[in-house]
Amino acid sequence: MKICLVCEGSYPYIVGGVSSWIQQLVNLFPEHEFFIYSIATNRSMQGKFQYELPDNIKFVQEVFLNDVYHTQPKAIKEDSLKNLEPWQFDAFTKLVMGEVEHWDSIFDFFLRQEWPISRFLMSRDFYSITQNIYNRNHSMAIYSDFLWTMRSMYLTLFHILNNPPEQADIYHSVSTGYAGIAAALGKRKWGGKMILTEHGIYTREREEEIIKADWVAADFKSLWINYFKNLSKAAYMKSDRILALFNMNNVLQIELGADPIKCDYIPNGIDVTKFSSLSTKENVDSFNVGAVIRVSPIKDIKTMLYSFDIVKKKVPHAKFYLMGPNDEDPDYYRECLDLLDDLGTKDVFFTGRVKVHDYIGKMDLLVLTSLSEAQPLALMEAMAAGKPCVSTNVGSVRELFEGSGEDNLGRCGLLAPIMDSEEIAVNIIQLYENKQMAIDFGQIGKRRIEKYYSEEKFIASYRELYQMMGKREESWQE
């Protein structure tokens, strides 16, 4: 079976999180042939893979969003543009209005290679479509600003639509957004089935970014938010199965337009045996706090540093290890180092890329201060290693720490609100002062991973799903 994994802003360029999940998935299914359709921002990333690709990944189809700005002509003669057919005009009007029932018409328009992107965006038809919407909903804004916002918005989408994935039996997207559209486009062009595994909720994440963004004018924030909602609705509509990592995200997907009949969840899976023989602490009197992270704003490393400074004042012999790549956002990394200098906190170590297995056994506890997560593998691996954890209350972390449904094993970690450095510090200190609590948390966390989040359950669920989708495709071809 040939499976196309569709990624946006992750594998194979970025380490951790979704990328680690993809690497795990491919390695666990050597019987299938995979290829990667990877969407990134800049062509400067071309070929700069952060993973050694498994043998069953046959190739990577790279698509760079910024390419579109370098390939479009600056001016096009109006007389070289033909008018849209009425059905096409209606389809694009519905698209820009946020009504997604005409996506097949949009896909077919681009699959037929009728026009270059620039021809459509500079055409009278696009001008007419945007002018009608402007008059109806945005007439208080400056029209030229509105028009160029619409052009820049759809330029990126149309670039994806001009670059469909290669042929596969299953298109498995790991997010909605542009990745979801690409997977749906592949399904439309080649047939096959589409699976969507949404880790975080893409629409919510983009909404949070846009609300905070200074590059989006206030008049157009709602326009961008609705645009990304529209992309997600299209992915939900075209998917044959819609998966989340935990039940609460299924609820959010349904609220955003997913068909409940298609929805289910498959948790991350951890191979507990890999954590059964880790190196242990050399100095039993030390207090080592670790964090497996990427140094990026979404992980909120600054809050972590503030909390470490508080802990250090209470526990002078504490040491802090931030394990993971620090080159994803060099400016943010520099800000973190500057903050550390300003605080004067000692014994804080940014290790860079390391083999986490060489460190995690030497930690007394693990910390996560993310602003947003789905089901963090870093915490799950810490639990598999029998380590107590402290985390912000994001994604499914409460469920990981406290259980849900039939899981009555008990608590294995302490939660704090996002950006609350004082509460995070209080929780770390509490586990330092209460050794028995720390031991109990470690044991409970390990049992929870073994019972509810094993790699065996993960493999069985996806094997069944792939086989079911593959059989449907074989039946369809017959």
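The values are calculated or read from the model by the stated rules, or taken from the named source; none is laboratory data. Fair warning: this is a prediction, and the values are worked out from it, not measured in the lab. When we count neighbours, we look across all protein chains shown, and the Cβ atoms used for this are built from the backbone with ideal geometry, even at glycine. Each accessible area value is taken on the protein alone, full model and side chains, heavy atoms only, with ligands, DNA and RNA left out. Shrake-Rupley method; radii C 1.70, N 1.55, O 1.52, S 1.80 Å.
Any idea how far the Cα center of segment 128-178 sits from the one of segment 303-370, in Å?
40 Å
Where in the chain lies the longest segment free of trypsin sites (Lys or Arg not before Pro) that are both loop residues by DSSP (not H, G, I, E, B) and have at most 10 other Cβ atoms within 10 Å?
113-354
Could you work out Rg/(2.2 N^0.38 Å) for segment 311-358, with Rg from alpha carbons only?
Segment 311-358 yields a ratio of 1.26.
Using 0.36 nm times the number of residues separating Glu166 and Trp190, minus their current alpha carbon distance, what extension gain do you get?
That pair, Glu166 and Trp190, stretches by 7.8 nm at full extension.
Enter the accessible area per residue of segment 121-162 (Å², integer; probe 1.4 Å; all protein chains in place).
45 Å²
When Lys and Arg each count +1 and Asp and Glu each count -1, what net charge do the other residues less than 12 Å away from Gln131, Cβ to Cβ, add up to?
Local net charge: +1.
So, with +1 on the Cβ of K and R and -1 on the Cβ of D and E, and no other charges, what is the size of the charge dipole of the chain about its Cα centre, to the nearest 20 debye?
Dipole of the chain, to the nearest 20 debye: 200 debye.
Which FRET efficiency value, to the nearest 0.05, is calculated for Lys471 and Asn27 with the Förster distance at 25 angstrom and r the Cβ-Cβ distance?
The value I calculate is 0.60.
Over segment 321-395, give the accessible area per residue in Å² for a 1.4 Å probe, as an integer.
Per residue, segment 321-395 has an accessible area of 38 Å².
For labels at Asp90 and Ser461 in the simple 7 Å Cα→Cβ model, what's the distance in nm?
If labels sit at Asp90 and Ser461, their model points lie 4.2 nm apart.
Would you please classify the overall shape of segment 147-204 from the alpha carbon gyration tensor, given that a ≥ b ≥ c denote the square roots of the eigenvalues, rounded means a/c under 1.5, and beyond that prolate means a/b larger than b/c while oblate covers the rest?
Here segment 147-204 falls in the oblate category.
Any idea of the accessible area per residue across segment 1-64, 1.4 Å probe, to the nearest Å²?
39 Å²
DSSP loop GluC sites (Glu not before Pro) in segment 351-459 with at most 14 other Cβ atoms within 10 Å of their Cβ, which ones?
When the GluC sites (Glu not before Pro) of segment 351-459 are filtered for loop state and at most 14 Cβ neighbours within 10 Å, Glu406 remain.
Anything over 18 Å Cα to Cα? Flag those among Lys187/Lys229; Lys2/Lys471; Lys319/Lys387; Lys233/Lys457, in the order listed.
Lys187/Lys229; Lys233/Lys457
State the dimensionless ratio Rg/Rh of segment 344-478 (Rg: radius of gyration of Cα atoms; Rh: Kirkwood radius).
So for segment 344-478, dividing Rg by the Kirkwood Rh gives 1.10.
Specify the inter-centroid distance of segment 416-438 and segment 202-273, based on alpha-carbon positions, in whole Å.
For segment 416-438 versus segment 202-273, the Cα centre distance is 31 Å.
Modelled label-to-label distance, Glu101 and Ile211, 7 Å Cα→beta-carbon offset: nm?
3.1 nm
If all Cα-Cα distances of segment 424-469 are sorted into 10 Å bins from 0 onward, what percent lands in each bin, rounded to whole numbers?
Taking all Cα pairs of segment 424-469, the binned fractions are 23, 28, 22, 16, 10, 0 percent.
Counting alpha carbon pairs within less than 8 Å and at least 6 residues apart, what relative contact order, in whole percent, applies to the chain?
12 percent.
Among Val295, Asn326, Leu366, which residue has its Cα furthest toward the positive end of the charge dipole of segment 272-407, with +1 on Lys/Arg Cβ and -1 on Asp/Glu Cβ?
After comparing all options, I get Leu366.
Can you tell me the dipole magnitude for segment 227-271 around its Cα centre, using point charges on the Cβ only (Lys, Arg +1; Asp, Glu -1), in Debye to the nearest 20?
240 debye
Multiply the residue separation of Asn434 and Asn283 by 0.36 nm, subtract the distance between their alpha-carbon atoms, and state the gained length in nm to one decimal.
52.5 nm
Among Lys274/Lys435; Lys346/Lys446; Lys302/Lys451, which pairs are too far apart, with a Cα-Cα distance over 27 Å?
Lys346/Lys446; Lys302/Lys451
So how much slack lies between Arg112 and Asn42, counting 0.36 nm per residue of separation and subtracting their Cα-Cα distance, in nm?
Once the chain is fully extended between Arg112 and Asn42, it gains 22.5 nm.
Which of the chymotrypsin sites (Phe, Trp or Tyr not before Pro) found in segment 439-472 are in a DSSP loop and have at most 14 neighbouring Cβ atoms, other than their own, within 10 Å?
none
If a/c stays under 1.5 just call it rounded; otherwise compare a/b with b/c (prolate if a/b is bigger, oblate if not). Do that for segment 384-458, with a ≥ b ≥ c from the square roots of the Cα gyration tensor eigenvalues.
oblate
Rank Met248, Cys263, Ile210 by how far each Cα sits towards the positive end of the charge dipole of segment 188-303 (+1 on Lys, Arg Cβ; -1 on Asp, Glu Cβ) and give me just the farthest.
It is Cys263.
Identify the chymotrypsin sites (Phe, Trp or Tyr not before Pro) of segment 155-234 meeting these criteria: DSSP loop state and at most 13 other C-beta atoms within 10 Å of the C-beta.
Those satisfying the criteria are Trp215.
Using only helices, what value at 222 nm comes out for the chain when you add -39,500 (n - 2.57) per DSSP H run of length 4 or more and divide by the total residues, to the nearest 500 deg cm²/dmol?
-14500 deg cm²/dmol
With a 1.4 Å probe and every protein chain kept in, tell me what percent of the accessible surface of segment 101-237 is carbon plus sulfur.
Reported share for carbon and sulfur atoms: 47 percent.
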